Amino acid sequence: MLLIDIGLRYWHAMRTKGEQPGYVAVFAPFTFLALVFVPHHWRFNLQQPTAWNLKRTLFERFDSTVLVIPALFGRPLTYLVGDAAAVKIINSDNAHFTKGSFTNFKAALFYGENVFTADGAEWRRHRKVMASSFSRVIDEKVWKSTLETALSIFERIESVADDNGVAVVFTSAAFGLQMPWPSDDARNELDSSRPMELFNAIRVVLEEYIAIAVVPDWGFKLPIKKLRYIDHGFKEFVRELKEVIEIRRTKGTPEGEEDLLGALVAANAAESGKAQLTDQEIDAYVTLGGGHETTASSIAATFFLLALNPSEQDILHEEAVEVLGSDCTALAQLKRTAAAFQEATWLLGPNVVTAKAAIKDTVLPAHTVPTDGSKPVLTQIRVPAGAVMQTHLAAIHHNPAYWPEPEVFRPSRFLEETFDPSDGTFVAFSSGLRRCPGLTFAMTEGVGFIAAVMQKYVIEVPEGRKDEFKLRPNETAHQRYARLYKPDFVINVHPNDLHLAFRRRA
């Protein structure tokens with residue numbers, strides 16, 4: 001009976017796919033059901049690590065930038081989209097595509113509905129408050145906090161490869177609080193019996209949000225030290241944040257001390273009735289809006305690529321020395337630094353796939369994927385209502401039809417007059433109406449931090465690891481990145497065990 005059932009499922013899946021390019025998977029890609037089976041294989045249980053490693057070869061195998069992937073088990077039909085023209089339509093055509101409420105967004109929903117998970121009228125309500133909260137004043141706060149944090153790093157450590165600095169900037173710009181640098185002891189004790197500082201509570205929420213999202217309430221009551229510590233940190237975060245929200249609501253934000261939280265509370269107060277956000281929804285924006293994890297990962301990627309390209313560091317150093325100051329207007333002059341940050345975000349971006357759902361039958365453009373250097377040919381792919389559209393950001397960013405030399409770290413490409421991210425080829429911050437609302441926040445933080453480091457330091461490969469960092473025989477640039485960067489995949493991509501040396505300039 002089991003074999004008959006599997007046979008019928010396979011027949012139905014092949015019928016669903018028809019003659020369109022793609023394949024039948026055992027488990028629906030990028031779902032929890034597929035995640036629990038390891039190791040991952042693209043035909044069995046496609047997940048982010050495999051998708052990242054096969055960003056080009058999977059599409060080349062089936063000669064199409066859009067793949068149709070019906071599954072024997074789990075969600076019946078997935079489309080893996082690596083076509084810029086198709087993605088531009090998916091991100092802008094709200095009549096045919098919606099965010100949906102499938103597994104990719106469950107981890108974010110524990111914060112409450114927010115601008116990243118909502119759709120339709122609910123999304124417009126959230127977007128209105130969110131958009132009015134980011135302002136020139138907040139940019140100034142981010143810039144000032146970034147430079148102050150960079151200075152504290154220089155005073156504290158001689159070599160660094162973690163994201164504490166970004167967390168300090170995030171805490172200051174989001175909450176208006178100057179937090180002390182966290183001690184390793186405070187983070188490693190896992191003591192849930194003592195009050196927790198807000199900074200460490202924030203780190204628990206940012207680092208353990210998957211556990212917070214999927215572990216049931218009774219699970220945190222088990223005699224497991226780590227789970228109780230996570231629960232303690234999350235509750236302390238919510239309690240302290242509600243206190244700050246209430247202070248902002250009753251007393252306002254003092255002039256000169258503006259922050260994202262105060263701006264959100266003020267913008268929310270200007271609305272009325274159902275248009276207002278709940279405290280839980282404001283919590284979500286402060287946490288998600290800061291883009292802590294994605295910004296930290298992008299900064300780490302930039303430092304990693306700069307360590308492999310020392311000549312680029314000299315260019316950034318000269319720019320930082322010339323224009324870096326206390327006023328965030330300097331950001332507009334840090335063009336080469338901004339280009340390096342964007343290049344790293346494009347090359348080793350923190351996101352692999354994003355998802356939407358088709359709500360009406362439609363047709364999307366696709367292209368062939370020639371491997372002989374010939375020009376791609378335009379084709380069409382039929383999409384039925386109910387299909388899940390997984391946009392493969394890394395595949396778009398590494399398609400030589402869109403990006404010449406897609407494995408080469410060349411920041412100057414972002415300064416070329418012909419560069420046009422509006423055509424859907426650069427989607428690190430999404431595109432269309434769903435473009436990241438905290439883009440300026442992230443750019444200010446990332447570019448400012450990198451410039452501050454470049455002004456004073458040279459980033460080098462540590463002694464004892466220089467042979468490891470060399471390109472091996474028959475190894476591609478992308479394979480070297482994967483071997484050295486050792487990306488971890490949870491919700492976003494971030495480096496694992498990345499060690500770099502920071503040598504102070506003369």
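The values are calculated or read from the model by the stated rules, or taken from the named source; none is laboratory data. For clarity, every value in this text was computed on a predicted model and none was experimentally measured. So basically every Cβ, Gly included, is an ideal-geometry build from the backbone, and we count neighbours across all protein chains shown.
Here are some notes:
- Note on the stretch 235-251: among residues that are within 17 Å of VAL215 (Cβ to Cβ) and surrounded by fewer than 20 Cβ atoms within 10 Å (Cβ to Cβ), the one that is modelled with the lowest pLDDT is VAL238.
- Filtering PHE73, PHE97, PHE59 for residues that are under 25 Å from PRO487 (Cα atoms) and among the hydrophobic types (A, V, I, L, M, F, W, C) leaves a single hit, PHE59.
- Residue match in the stretch 32-42 (condition: among the small types (Gly, Ala, Ser) and part of a loop (DSSP other than H, G, I, E, B)): no
- Selection count where residues are farther than 18 Å from VAL377 by Cβ and of a type in the set (Phe, Trp, Tyr), scope the stretch 45-88: 3
- THR31 meets the conditions (1) crowded, with 19+ Cβ neighbours inside 10 Å; (2) farther than 18 Å from MET389 by Cβ; (3) at pLDDT below 85 in every case but one. The failed one is (2).
- Of the set (1) under 24 Å from the mean Cα position of the chain (by Cα); (2) modelled with pLDDT of 85 or more; (3) under 27 Å from ARG483 (Cα atoms); (4) surrounded by fewer than 22 Cβ atoms within 10 Å (Cβ to Cβ), all apply to ALA357 but (3).
- Answer residue from the stretch 64-83, given it is buried (at least 22 other Cβ atoms within 10 Å of the Cβ) and small (Gly, Ala, Ser) and is modelled with the lowest pLDDT among those: ALA71
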